[in-house]
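Only one structure is covered here, and it is reproduced in the block below.
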Amino acid sequence: MGNSGELQAINFLENKGYQIFDTNVRVGTSEIDIVALDEIHEELAFIEVKTRSTSYYGNPSTAVDRQKLKSMNFVASIYLKRSKLDYDYRFDIIAITPGGIEHYENVTWG
């Protein structure tokens, strides 16, 4: 289901005008699902995709906690150093359920 969700997320982002730079970026055991350029805001978005086949357990975005954001920040810092890209960046979540796709931009949990 994860790969299917990521493909849906990629199509969703491309339809919004995002340029996909990378998918499944790994550093050790940490991963970011999608790296995309939001051309409207000229920001690089590091995106976690969460997919659920049912809404029974609530919105899948709630599965992204502080620890996951810390892991995403680690991967993003390595990615930016390696790629030498010079963009502002943010962290997004795409939540996919049978009811549709929700895109949460610039997420941080206090």
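A few points about this structure:
- Just one of the listed residues (LYS50, LYS70) is closer than 18 Å to ILE20 by Cα and charged (D, E, K, R), and it is LYS50.
- Scoring ILE96 on the criteria (1) crowded, with 20+ Cβ neighbours inside 10 Å; (2) among the hydrophobic types (A, V, I, L, M, F, W, C); (3) touching a His at 6+ places or on another chain (Cβ under 8 Å) leaves a single failure, condition (3).
- Selection of region 27-41 for residues being among the small types (Gly, Ala, Ser) and surrounded by 15 or more Cβ atoms within 10 Å (Cβ to Cβ) yields SER30, ALA36.
- Residue in region 50-62 that is among the charged types (D, E, K, R), in contact with an Asp or Glu (Cβ under 8 Å, 6 or more places away or on another chain) and surrounded by 12 or more Cβ atoms within 10 Å (Cβ to Cβ) present: no
- Considering residues of region 28-54 that are touching a Ser or Thr at 6+ places or on another chain (Cβ under 9 Å) and β-branched (Val, Ile, Thr) only, the residue nearest to ASP88 (Cα to Cα): VAL35
- Restricting region 1-17 to residues that are part of a helix (DSSP H, G or I) and charged (D, E, K, R), the residue that is nearest to LYS68 (Cα to Cα) is GLU6.
Yes/no matrix, rows are residues, columns are (1) more than 11 Å from the chain's Cα centre (by Cα); (2) not hydroxyl-bearing (Ser, Thr, Tyr):
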residue: VAL64; (1), (2): no, yes
residue: GLN67; (1), (2): yes, yes
residue: TYR79; (1), (2): yes, no
residue: PRO98; (1), (2): yes, yes
residue: GLU105; (1), (2): no, yes
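- Within region 70-93, the residues that satisfy the criterion of being crowded, with 18+ Cβ neighbours inside 10 Å and among the aliphatic types (A, V, I, L, M) are MET72, VAL75, ALA76, ILE93.
- Cβ-Cβ distances below 9 Å connect the following pairs, each with a first residue in region 68-86 that is over 13 Å from ILE47 (Cα atoms), a second residue that is assigned to a helix (DSSP H, G or I) and among the hydroxyl-bearing types (Ser, Thr, Tyr), and a separation of six or more residues or different chains: LEU85/TYR79.
Every number in this text was worked out from the coordinates using simple rules, so none of it is lab data. Every value quoted in this text rests on a predicted model; they were computed, and no experiment measured them. For neighbour counting, all protein chains shown are included, and Cβ atoms are generated from backbone atoms with ideal geometry for every residue, glycine included.
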